[in-house]
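For reference, the structure is listed below as structure tokens.
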Amino acid sequence: MYQEDQHQETTRRGRIEVICGSMFSGKTEELIRRLKRARFANQQVEIYKPAIDTRYSEEDVVSHDSNSIPSTPIDSSASILLLASEVDVVGIDEAQFFDEDLPNVCNMLANNGVRVIVAGLDMDFRGTPFGPMPALCAIADEVSKVHAVCVKCGRLAMYSHRLVPNEKQVLLGETMEYEPLCRACFLKAKKEKEQKTEEEAPANDQNT
Ligand code: ZN
């Protein structure tokens with residue numbers, strides 16, 4: 001468990017914290033909260049996000065409730081090493097979109113005394129582990145899994161169910177195209193989709 005009292009904001013100590021979860025789970029809000037606290041403690045904070053994520057703004061890490069912090073969009077995780085010299089705390093948002101070298105980069109930073117806080121989707125819309133997130137969870141000092149609320153039944157949700165028919169793993173520009181679901185409701189939605197596809201298939205045969 002992530003415990004604030006175990007982390008002294010005033011001491012420089014290398015570590016990796018991962019905040020993971022589904023869409024609408026408050027990952028970015030939690031990242032911003034921790035980064036703001038570090039800033040209040042007069043620590044040098046830098047925030048990076050993948051250049052691919054341009055949903056709201058080119059320069060800000062923006063959470064869904066518009067609580068934003070300025071950030072630098074970068075193309076590859078290696079750029080963080082070049083940019084983050086003389087920094088106490090590095091924040092990384094939308095980590096699932098970064099390359100597979102990100103865990104390595106985070107380790108190097110933490111080994112040099114930097115506190116690294118990473119937020120990202122742990123699973124894609126199919127419910128499979130997303131990009132470098134599983135490896136990041138493995139090497140982290142602390143992992144916080146945050147949850148959304150299932151829109152069908154009100155239980156804790158951990159899946160980002162895609163509402164539009166599209167099989168691409170990365171679909172940007174979106175939030176309206178996803179809903180948070182719990183395990184039971186996600187399975188149900190998946191089965192309903194499969195049935196629908198089966199029903200549509202014979203109809204197509206008749207037409208040809
Ligand atoms: Zn549910």
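Values quoted throughout were computed directly from the atomic coordinates according to the rules given, and no laboratory measurement underlies them. Please read all numbers here as calculations on a predicted model, not as lab measurements. Positions of Cβ are backbone-derived with ideal geometry, glycine not excepted, and every protein chain shown enters the neighbour counts.
Counting neighbouring Cβ atoms within 10 Å and putting the fewest first, the residues Phe125, Phe24 line up as Phe24, Phe125.
Take the Cα of Lys191, step 7 Å toward its Cβ, do the same at Arg15, and the gap between the two points is 4.3 nm. Legend: ranking of residues Cys182, Cys153 from fewest to most surrounding C-beta atoms inside 10 Å; resulting order Cys153, Cys182.
Using the Cβ-Cβ distance between Asp101 and Val170 with R0 set to 22 Å, the FRET efficiency works out to roughly 0.75.
The modelled label-to-label distance between Ala201 and Ile139, using points 7 Å beyond Cα along the C-beta direction, is 4.2 nm. Taking 29 Å as the limit for the C-alpha separation, the pairs Lys49/Lys168; Lys49/Lys193; Lys36/Lys168; Lys49/Lys152 exceed it in the case of Lys49/Lys193; Lys36/Lys168; Lys49/Lys152. Counting only lysines at least 8 places from Lys196 when in the same chain, those with an alpha carbon closer than 18 Å to its own are Lys188. Each Lys or Arg adds one and each Asp or Glu takes one away; over the other residues whose Cβ falls under 11 Å from the Cβ of Met158, this sums to +2.
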